[in-house]
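Here is the structure we will look at.
The values are calculated or read from the model by the stated rules, or taken from the named source; none is laboratory data. A quick note: this is a predicted structure, and the numbers were derived from the prediction, not measured. Heads up, the Cβs are rebuilt from the backbone with ideal geometry, glycines too, and the neighbour counts pull from every protein chain shown.
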Amino acid sequence: MIAWLGMALPVAALIAMIVVLGGPIAWALRARGFSYALIAVPAAFAVIALTSLAGPFVGLGWSLLLPFGLSVVLTLIIVALRRFVAIRVPASPNRRHGFLLPVASAAIGGLVIALSVAVAMKTPDAISQTYDVNFHLNAVRQILDTGNSSPLAMDLSAPGASVFYPTLWHATVALIVQLTGVSIPLATNAALFTTVAVIWTVGMVGFGRAVAGPSARVTIISGILSVAIPVYPLGLTGYGILYPNLLSIALIPYCLVGFMQLFGIAQARRSDANSVCSAVLLALGSFGAVVLAHPNGMHSVLVWLIAPTVYLVVRALRAQPVLNTTGELVPSTVPAPLRKIVAWLALPGLAVVMAGAWIVGRTSDAPWGGNYGPRRGLLEALGMTPHTPGHSWPLLILVIIGCIAVFRWKKSRWLLLSGLVFFVLYYISDAFPPSAWRSLFLNPWYNTPWRIAALAWMGLFPLFVLGASYAWSMLRGGGIRWARLTSNPQRIRAFIATLAALFLLAATQGAGTHAGIAFVKDSYQAKVDSAPLLDEDERAILERLDQHLPDDAIIIDNPWNGGALAYAVSGFPVLTPHTGGSYDPRISELTAELKDGTPRACELVNELDARYILDFGTRYVFKETTDAEPFIGVTDVDDSDMFTELDREGDAVLYEVTGCDTTP
């Protein structure tokens, strides 16, 4: 437990960065109450994303000075334009409802997530034993070494190639390392904890309040239910590992709140106040941060926009009233002809944008199919724990109650369509095998059910919140009558509310959550002879490389058995920093022939100036793969006379290439 104290500094550093970078922008917009957090968080990441892209063009290396400078400039611009863009609607005079209560509610969900992830990881600097971890940890090291965090310069898996890869996550982790001096694995996990336990839960409380209003009841329910679907964040914490995707999804709730405020369908505008210009900045700024964290977040938001767009188009064509700043329905101030023209263009316009995004932002056609058939897939979708073992029937009950509440509450009926859209997407992903028609719907998410399942909350969470709120409203009368029969009714009401909150938390943390924790635990276990990528002995070798290697050493590695992580852990460059990539073809020649001591291999040792190898055996991140065959010449080399042992921990060995000196 004491070891986890080391997590406090990098977590505090990231939270401080969010406050320093996003706080001035929220202040300039005159944000008050919980609106301050809802604007500051995405603003901070938008600033980091923009400066990551702009840094190389202004000739500055990556550091906190770049985003801080942009934050100051944007703050000054907004102050100059404050008359036009600042929030004019006063926040709720109730301070508890305005800020403290939403933050406390987010902390409830955040604590549950943090404890779940901590139990699964076991150590604060644990390294995921999954395929993509080589890339994500080594990408942070590359940014620290080059001072370039631009998504246009992230060529780790294809050196010298002109590619675009979102680097918001890696740039953020690099800033944590620069500010605190902690290791890359620890900084990565600190960013992970902050993302899923702070950024995510704060956004979800804001989303719940936007959907169902700013009452204390809705606020507490939203914090508790932010952790109701285990596939996010637990599923993605164990799968992949998908750090950029985790961050992108965590920022989506802020984007949805912005669009709801902009469209006039947010129920909490009186509490989480915003002007039209501020709503535009929140919606578009957070959308940009979502896209630059991971592009498939763009597709997720665009799909979500279908339901409210249809709702608004129907209301416009029927000349129905709109919501004002106090949540009341009033006649629209937009001239009827103009309103109808915009309505007729809205859906085709959204379709064009979605088609363009699908064409530009589509991924490779991955071969993943569903785990279930049509019947079992339907059961799994209804079980409210998508793509995760076990079912959570209490959540299904909340969905049913929520559907009833939405149907009776006419101005929110669009939430039914939103829920149906994401329900169908998940059903397609997990109930059918790979096919052309399936890829048509799922290609932006790599066709994988894990990524689609992690988006189920976008349709289900509003129904959860409304269902729980509606159920509590029905039971509240009995609690009040009981309290009045006692000598201290206020204390009894507080006791009943606490009991109800604990019951809701317990009822929604069932088999799915336990399965999610077990999945994460399996993805991070590093036991010797069983860890698929990097076990404890192998990591010990990496952490003391500087005791055996010169400062300019380059390591010959097999990325499939964890050797590539030498770059992230120790700072020594490796020839192949990722399992999948397009590298100098000479590397494959070298790694295939070196233990045989062929003349060509020795020639390449000199050409590439790489004279040290890490031999971590044939236990690969994928149990059965032929992709590791090009590295057979640097794997299990104990019997070769080409190498001299420099360090050993169990079966993990560091060698120096010495046989080439005598090879004819």
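Test of understanding: among L565, L575, L614, L604, which residue is farther than 26 Å from Q129 by Cα and crowded, with 18+ Cβ neighbours inside 10 Å? Break it down stepwise before answering.
Numbers: L565 fails: farther than 26 Å from Q129 by Cα; L575 fails: farther than 26 Å from Q129 by Cα; L614 fails: farther than 26 Å from Q129 by Cα.
Among L565, L575, L614, L604, only L604 is farther than 26 Å from Q129 by Cα and crowded, with 18+ Cβ neighbours inside 10 Å.
Taken together, the criteria exclude G581 from residues that are under 25 Å from R544 (Cα atoms), under 29 Å from the mean Cα position of the chain (by Cα) and not hydroxyl-bearing (S, T, Y). All conditions in (1) over 33 Å from the mean Cα position of the chain (by Cα); (2) surrounded by 22 or more Cβ atoms within 10 Å (Cβ to Cβ); (3) not in a helix (DSSP H, G or I); (4) not hydrophobic (A, V, I, L, M, F, W, C) hold for T591, with the sole exception of (3). Scanning the stretch 365-379 for residues that are over 11 Å from L442 (Cα atoms) and among the small types (G, A, S), which turns out surrounded by the fewest Cβ atoms within 10 Å (Cβ to Cβ)? Filtering first and then ranking leaves G373.
This table checks each residue for (1) of a type in the set (A, V, I, L, M, F, W, C); (2) outside the structural domain of N138 (by TED's automatic domain parsing).
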| site | (1), (2) |
| --- | --- |
| L505 | yes, no |
| G512 | no, no |
| R544 | no, yes |
| H548 | no, yes |
| D552 | no, yes |
| N558 | no, yes |
| N561 | no, yes |
| A568 | yes, yes |
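Given the structure, is Q129 in a loop (DSSP other than H, G, I, E, B) and either under 22 Å from G6 (Cα atoms) or of a type in the set (D, E) (or both)? For Q129, the condition - in a loop (DSSP other than H, G, I, E, B) and either under 22 Å from G6 (Cα atoms) or of a type in the set (D, E) (or both) - is met.
Tell me which helices (runs of 4 or more DSSP H) are completely within the stretch 1-91 and hold 1 or more residues being modelled with pLDDT of 95 or more, more than 16 Å from T195 (Cβ to Cβ) and under 23 Å from the mean Cα position of the chain (by Cα), or say none if there are none.
Values: elements: 8-28, 35-58, 65-80, 82-85.
Because the criterion is at least 1 residues that are modelled with pLDDT of 95 or more, more than 16 Å from T195 (Cβ to Cβ) and under 23 Å from the mean Cα position of the chain (by Cα), the helices (runs of 4 or more DSSP H) in the stretch 1-91 that meet it are 8-28, 35-58, 65-80.
Scan the stretch 201-226 residue by residue and report those that are in a loop (DSSP other than H, G, I, E, B) and at pLDDT 90 or above. Within the stretch 201-226, S226 is the sole residue that qualifies.
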